[in-house]
1. Among the residues of segment 241-250, are any in a helix (DSSP H, G or I) and assigned by TED's automatic domain parsing to the domain that holds Ile175?
2. For Arg339, indicate whether it is modelled with pLDDT of 95 or more and basic (Lys, Arg).
3. Out of segment 289-312, which residues are of a type in the set (D, E, K, R) and farther than 22 Å from His243 by Cα?
4. Of these, Asp82, Asp33, Asp38, Asp17, which one is free of Cβ contacts under 8 Å to residues at least 60 places away in the same chain, acidic (Asp, Glu) and surrounded by 16 or more Cβ atoms within 10 Å (Cβ to Cβ)?
5. Report, by residue number, each residue of segment 376-393 that is surrounded by 13 or more Cβ atoms within 10 Å (Cβ to Cβ) and either in contact with a Pro (Cβ under 6 Å, 6 or more places away or on another chain) or more than 24 Å from His243 (Cβ to Cβ) (or both).
6. Six or more apart or on different chains, Cβ under 6 Å: which pairs go from a residue in segment 135-161 that's within 30 Å of Asn176 (Cβ to Cβ) to one that's acidic (Asp, Glu) and in a strand (DSSP E or B)? Could you list them?
7. Failed condition for Tyr153, given (1) of a type outside the set (D, E, K, R); (2) at pLDDT 95 or above; (3) assigned by TED's automatic domain parsing to the domain that holds Ser324, with all others met?
8. Considering only residues that are assigned to a helix (DSSP H, G or I), of a type outside the set (Asp, Glu) and over 18 Å from the mean Cα position of the chain (by Cα), look in segment 22-51 and name the one that is nearest to Lys133 (Cα to Cα).
Amino acid sequence: MKKVYFKTFGCRTNIYDTQIMIENLKDFEVTQDEQEADFIVINSCTVTNGADTGVRSYVNSASKKGAKVIIAGCGAISKGEDLFGKEKVFGVFGHSEKEHINTLLKRDTRFYEIGDLTSLDTTIVEEYAGKTKAFIKIQEGCNFRCSYCIIPYVRGNARSQDESKIIEQIEKLAINGYGEFVLTGTNIGSYGKDKSSSLGRLVQKIGAIRGVRRVRLGSIEPVQIDESFREILDEPWLERHLHVALQHTSEKMLEIMRRRNHVMRDLELFHELSSRGFALGTDFITGHPGESEAIWQEAYTLLEQFPLTHIHAFPYSKRDGTPSSTMKEQIKGDVAKERLKQIEALVTHKNLLFRHDHANIPLDVLVEEVKEGLYTGFDQFYNRVFIQSNRDILKEWVHLDTYTVSTEANHATF
């Protein structure tokens with residue numbers, strides 16, 4: 001059998017999509033060594049210029065290894081035609097074609113199969129090689145049109161996976177020993193809007209499946225936390241960490257960004273969730289066009305009031321074809337990066353305070369890997385824990401009654 005090496009860039013959704021491709025490879029062998037690969041399939045990301053640069057750089061290096069290079073994923077939609085036209089890659093295929101990967105790789109001639117942006121996966125994933133937790137894509141696409149974001153143009157409009165297919169997949173993975181499930185998608189909070197259901201109702205059913213110990217959620221929009229979602233907040237199987245996407249804490253900037261959330265409502269929501277024991281993460285963009293010094297100072301002052309523990313912040317990245325790309329009042333890159341550092345430092349400090357304040361709460365950790373002789377994984381608050389143990393606890397769940405808190409992480413002996 002010819003061998004295929006997969007290189008995955010970007011988000012959890014891409015991790016799932018790579019697994020879909022692996023599940024559909026019938027006449028090829030998957031290899032973890034790119035040096036021996038006959039095909040290198042790049043599941044690409046295009047969310048920022050940095051992501052595009054990383055993919056292009058890898059394409060250039062992979063093409064020198066003698067393998068046929070194939071580009072899939074979001075970058076196939078945005079940059080695939082250019083890479084194909086310049087003969088940088090042997091083949092290109094879009095999201096809707098990934099389940100046809102076995103047929104595509106059998107082709108003797110170069111191919112460009114971009115497909116459509118309306119499909120949903122039909123493959124049932126039953127195994128994640130080398131992974132301790134399972135990723136489940138519950139929906140695809142996004143109906144939001146934030147001014148800076150290219151993702152709806154490369155993933156399409158929001159559409160929900162059938163509930164029965166999601167449940168079937170989790171049941172099979174649970175039987176195969178998986179206890180932690182990460183729900184992912186382009187905009188998971190929109191789940192069920194096209195099927196007279198909701199994310200809260202789906203997660204309630206997932207939590208009732210035998211073998212499910214923890215459910216982690218991808219990013220949710222503040223406006224998507226409704227009453228059905230609030231009903232699951234006290235369930236023992238729901239992670240005590242939520243990622244609620246703010247993107248900014250200036251009302252003016254939210255308007256410029258064409259966001260649907262509002263700062264003071266967001267602040268009220270975050271304090272509500274914090275009072276119920278959740279660690280809270282968010283997304284934040286610095287340096288978006290229009291972010292004047294006065295707006296930035298206002299936003300930072302407000303951000304200080306949010307009970308945050310985690311941050312996924314990044315400087316604004318211009319994406320051709322989006323409304324933000326033509327806006328005036330561009331902010332210099334070094335200014336955006338300095339503001340980014342300020343935010344990251346603020347949330348790092350808030351995270352440390354959170355861990356000290358919760359140091360009397362036992363931690364449940366799924367041990368995922370070994371680093372420098374220590375076992376490590378994430379607790380229910382999505383904080384990293386390093387564990388010293390005399391026995392092999394890799395891929396096990398451990399309950400820690402006592403541990404110490406340091407700046408970087410929590411530490412325990414088991």
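1. no
2. Yes, satisfied.
3. Glu291, Glu293, Glu298
4. Being free of Cβ contacts under 8 Å to residues at least 60 places away in the same chain, acidic (Asp, Glu) and surrounded by 16 or more Cβ atoms within 10 Å (Cβ to Cβ) holds for just one of Asp82, Asp33, Asp38, Asp17, which is Asp38.
5. Of segment 376-393, the ones surrounded by 13 or more Cβ atoms within 10 Å (Cβ to Cβ) are 376-387, 389, 393.
Across segment 376-393, the qualifying residues are Ile387, Ser389, Ile393.
6. Cβ pairs passing all conditions: Arg159/Glu140.
7. (2)
8. Ile22
The values are calculated or read from the model by the stated rules, or taken from the named source; none is laboratory data. All values reported here derive from a predicted model rather than from experimental measurement. Positions of Cβ are generated from backbone atoms using ideal geometry, with glycine treated the same way; all protein chains shown enter the neighbour counts.
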